[in-house]
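Right, one structure below, let's go through it.
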Amino acid sequence: MKATEKIWRNGEFIAWDDAKIHVLSHVVSYGSSVFEGIRVYETTSGPAVFRLREHIRRMVDSAKIYRMDDFRFTQSELAEAMLELVRLNGLKSCYIRPIVMRGYGLMGVNGTKNPVDVYLACWEWGRYLGEEALAEGVDVCISSWTRIAPNTLPALAKAGANYMNSQLINMEAVANGYSEGIALDKSGYVSEGAGENIFVVRDGKIVTPPLGTSVLPGITRDAVLLLAADLGIPIVEQVVPRELLYIADEVFFTGTAAEISPIRSIDRIKIGSGRRGPITEKLQNEFFGIVNGTKPDRYGWLTPVGVAAPVLK
Ligand code: PPE
């Protein structure tokens, strides 16, 4: 990771190297953090944040689920701070990582008497699954690990602790020579990748697992649901049996980091033609056209970094 100059902490900008926490901060022992991952794209008219308001809303939702939403900043202030952070660090495109965590003070599980600290950092982040992944597709496997189950760790919250499950899924996949692992939910239905939502195409129709199957409510997922519907491609949220993946014409991942990444094999079974399929490519063209500014931003997804932040709740 290439360091940038500034990180925002609880309302002020500090040097990258000064963004340190005490080892006995609540979050270290008990995993009490929620976070976001937001991309800033270089568009034809300057850097712009992709779906800023939706990311801030999800962060506040995640914090609320964990009773951590008593921080001092409004959504508008957080939005403005993120834009200022990107401006100060002078980046044309980057990845913003907001983190809300329970900080230092008391020990013990409860944590509600510890301060809730908010950090915003950003850095340049390239292709998540490798440069060729977007065109060629990636080789993945079904994980032997089950996705976090309902009423254990809430999947609608983007919490740091959920990523212990993601780490098990991804580490196993990489150790076995795959790029990423797909987890099944507690009932054995397809849930999502360790850090991506998943979509399946068969006979011209797209299916993605519903929110009740332990998936993160992905913001790229939501973008693809909208784009497909507008392109006239039938798309539904429906429970996906594992074997539907193997007989699909196309399968792809979505995520802020992964963007729209085709999958070319699962468990060494070739998916469709074994490379990016036509529907995946169509969605990529639409998605990248909008975020690069070569197609109109018809959904209002982009917030230019150079102007004042939108007024949010
Ligand atoms: N599921 C999981 C488990 C997940 O972590 C992500 C994002 C998604 C789905 C897609 O959500 P969205 O980004 O809103 O479309 N994963 C983030 C973390 C990546 C990391 O390694 O860190 C991301 O893509 O930013």
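Only one residue of Ile38, Ser25, Tyr128 has its Cα farthest out toward the positive end of the dipole of the stretch 1-129, where Lys and Arg carry +1 and Asp and Glu -1 on Cβ, and that residue is Tyr128.
Once the C-beta distance of Glu5 and Lys186 is scaled by a Förster radius of 51 Å, the resulting FRET efficiency is 0.70 to the nearest 0.05.
When the inverse distances between all different Cα atoms of the chain are averaged and flipped, the Kirkwood radius reads 20.2 angstrom. Treating r as the C-beta distance of Asp222 and Arg97 and R0 as 25 Å, the FRET efficiency rounds to 0.80.
Can you give the relative contact order of the stretch 182-301 as a percent, counting alpha carbon pairs under 8 Å and 6+ residues apart? Numbers along the way, then the final one.
Details: 204 pairs, mean separation 27.1, N = 120.
Averaging sequence separation for qualifying contacts and normalising by length gives 23 percent for the stretch 182-301.
Dipole of the chain computed with +1 at Lys/Arg Cβ and -1 at Asp/Glu Cβ about the Cα centre; of Tyr299, Val200, Asn114, farthest Cα towards the positive end is Asn114. Put +1 on the Cβ of each Lys and Arg and -1 on the Cβ of each Asp and Glu in the chain; which of Pro234, Ala149, Tyr246 then has its Cα farthest toward the positive end of the dipole? In the chain, that residue is Ala149. Scattering from the stretch 219-305 was approximated by placing one identical point on each alpha carbon and applying the Debye formula without solvent; log10 I(q)/I(0) at 0.12, 0.13, 0.26 1/Å stands at -0.40, -0.46, -1.47. In this simple spin-label model, placing a label point 7 Å from the Cα along the Cα-to-Cβ direction at both Gln167 and Asn292 gives a separation of 3.6 nm. Computed from Cα positions, the angle between helix 75-89 and the longest principal axis of the chain comes to roughly 90 degrees. When you filter the trypsin sites (Lys or Arg not before Pro) in the stretch 148-208 for DSSP loop state and at most 16 other Cβ atoms inside 10 Å of their Cβ, you are left with Lys186.
At most 10 other C-beta atoms within 10 Å and a DSSP loop state: those are the exposed GluC sites (Glu not before Pro) I care about. Give me the longest piece of the chain that has none.
133-313
Taking the stretch 1-107 as the region of interest, what is the percent of Cα-Cα pairs per 10 angstrom bin, listed from the shortest bin to the one with the maximum distance? Percent of Cα pairs in each bin: 13, 43, 35, 8, 1.
Rounded to the nearest 0.05, what FRET efficiency do Leu24 and Arg67 have when you use their Cβ-Cβ distance and R0 = 22 Å? Walk me through the intermediate numbers first.
On the way: r = 21 Å, r/R0 = 0.94.
After rounding to 0.05, the efficiency reads 0.60.
Considering the stretch 94-154, its Cα convex hull presents a mean projected area of 7.5 nm².
Each Cα pair under 8 Å and six or more residues apart adds its separation to the average, and for the chain the resulting relative contact order is 21 percent.
I need the shape label for the stretch 113-216. Rule: rounded when a/c is under 1.5, else prolate if a/b > b/c, else oblate, with a, b, c from the alpha carbon gyration tensor. Cα axes put the stretch 113-216 in the oblate bin. Against the longest principal axis of the chain, how steep is helix 278-291, in degrees 0 to 90 to the nearest 10, with axes from Cα atoms? Taking Cα atoms only, the helix is inclined about 30 degrees.
Rounded to the nearest 20, the size of the Cβ-charge dipole of the stretch 1-152 about its Cα centre is 460 debye, with Lys and Arg at +1 and Asp and Glu at -1. When the C-alpha to C-alpha distance is required to be over 28 Å, the pairs from Lys205/Lys313; Lys205/Lys270; Lys158/Lys313; Lys186/Lys270; Lys158/Lys295 that qualify are Lys205/Lys313; Lys158/Lys295.
Fully extending the segment from Tyr104 to Asp230 would add 40.6 nm, taking 0.36 nm per residue of separation and subtracting the current Cα-Cα distance. P(r) tail for the stretch 168-235: Cα pairs beyond 19 Å make up 40% of the total. Dipole magnitude for the chain: computed about the Cα centre from +1 point charges on Lys and Arg Cβ and -1 point charges on Asp and Glu Cβ, it is near 440 debye. Comparing Cα centroids, the stretch 242-313 and the stretch 9-57 end up 23 angstrom apart.
Over all orientations, the stretch 257-313 has a Cα convex hull whose mean projected area works out to 6.2 square nanometres.
In the chain, helical runs assigned H by DSSP with n ≥ 4 each contribute -39500 (n - 2.57); averaged across all residues and rounded to the nearest 500, the mean residue ellipticity at 222 nm is -8000 deg cm²/dmol.
Every read-out reported here was derived from the displayed coordinates using simple, explicitly stated rules and does not represent laboratory data. The shown structure was predicted, so the numbers you read here are calculated from the model rather than taken from an experiment. Backbone-built Cβ (ideal geometry, glycine too); neighbour counts: all protein chains shown.
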